[in-house]
Amino acid sequence: MKINFSLKQFFPQKWQVKFPVMLFAVVMMGVTLSVLIEIGWGTDPATFMNYHVAALLGTDNIGLIQIMDYAVFLIFVILFGAQHIGLGSIANMFFIGFVSDFSRWIWKLIGFHQFLQNAELLPKAGIFAFILLFFVTACAIYMNSELGIAPYDAVPAIISDRFVKLPFFIVRIIFDYSSITIGLVAACFAKNNIPNPVATFCGIGLRTNIFGSICMALLLGPAISLVGKFMKKIIPVFREN
C-alpha cells in the first residue's frame, strides 16, 4: 500500500495567507465549544463522544482525550488518505480541546459560567443559537482552509472519496451520528462517574444534552460544503486552487 504523504503538503501554495484564517477558525472553535459545554444543551458530535469517553476514564480533560482518540483516527488517515494531513490537522488535534478547557476556566473566573447557569430560558436559547451557528461556521472555514484537517474530519472525507459513492455531507452526517452513539455507550458504562447528569437519554445520564449534538450532526456536513463554495467564490487565495 502506497502512502501518499510529503512534508511539502504542510506548506502548500499561499500557506502564509491561509494559515491565519485556519488558526483563527480553530481558536474560535475552541472558544465557542467552551460556551456550548457551559450551556449544557449539547456540543458537536466529536466532543459529545470525547466528553463521555473522558467520563468513562474518570477525567474532565477533554484536550487529552481528544489527542488520544484522534491518534487512533490518525492511523486510518495515514493508511488511506495521508494527503489530508497538514498544519490544520495539528492545530485542530492539539489546540481545540485545550483552548476549550482554558476558556472554561476564564468563564468561571469572570462570572460568565455563573451567568449561564442562572440565565433564563430565552437569553440562554439566544446565546446557544448564536454560538452554535458561530461554531459550525468556524468549523466549515477551518475545513476549507486547505491546510489539512483533523483525523476525525478526514475519516468521512476518505470514506466518501474511496469507499462509497455518496456525497460527503451524507457520509459526514452518518459518521457524526456514529460518534454520538459511541458517546452514549461510553456514558452508559460511565454512570458512576456522572453523579449529577445534565440530561438523560433513554435512561442514560449525560454530561451534556444530546439535543445540540443531534442538531450539529445535521448542520456540519451541509455547512462545510456551503462555506467551501462561498470561500472559493469571494476569497481569491482560495479560488486559485
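If you go through the range 79-113 and keep only what is over 24 Å from Leu147 (Cβ atoms) and either in contact with a Lys or Arg (Cβ under 8 Å, 6 or more places away or on another chain) or basic (Lys, Arg) (or both), you end up with Arg104, Lys108, His113. Looking across the range 177-192, the residues that are under 11 Å from Val53 (Cα atoms) and either of a type in the set (Lys, Arg) or without any contact (Cβ under 8 Å) to a residue 40 or more places away in the chain (or both) come down to Val185, Cys188.
Counting only residues that are among the hydrophobic types (A, V, I, L, M, F, W, C), in contact (Cβ under 8 Å) with a residue 60 or more places away in the chain and in a loop (DSSP other than H, G, I, E, B), the range 193-235 holds 2 of them.
Screening the candidates Ile96, Ile106, Ile141 for the property of being more than 27 Å from Ile234 (Cβ to Cβ) and among the β-branched types (Val, Ile, Thr) yields one hit, Ile106. Of the helices (runs of 4 or more DSSP H) contained entirely in the range 89-178, those carrying at least 1 residues that are surrounded by fewer than 17 Cβ atoms within 10 Å (Cβ to Cβ) fall at 112-118, 121-143. The residues in the range 201-216 that are surrounded by fewer than 17 Cβ atoms within 10 Å (Cβ to Cβ) and more than 26 Å from Phe130 (Cβ to Cβ) can be counted, and the count is 2.
For the range 36-55, filtered to residues that are part of a helix (DSSP H, G or I) and among the β-branched types (Val, Ile, Thr), the residue that is surrounded by the most Cβ atoms within 10 Å (Cβ to Cβ) is Thr47. Taken together, the residues in the range 10-35 that are assigned to a loop (DSSP other than H, G, I, E, B) and crowded, with 22+ Cβ neighbours inside 10 Å amount to 0.
Throughout, read-outs are computed from the coordinates displayed, never taken from laboratory work. Values in this document were obtained by computation on a predicted structure and should not be read as measured data. Cβ sites come from the backbone with ideal geometry, for glycine too, and all protein chains shown count toward neighbours.
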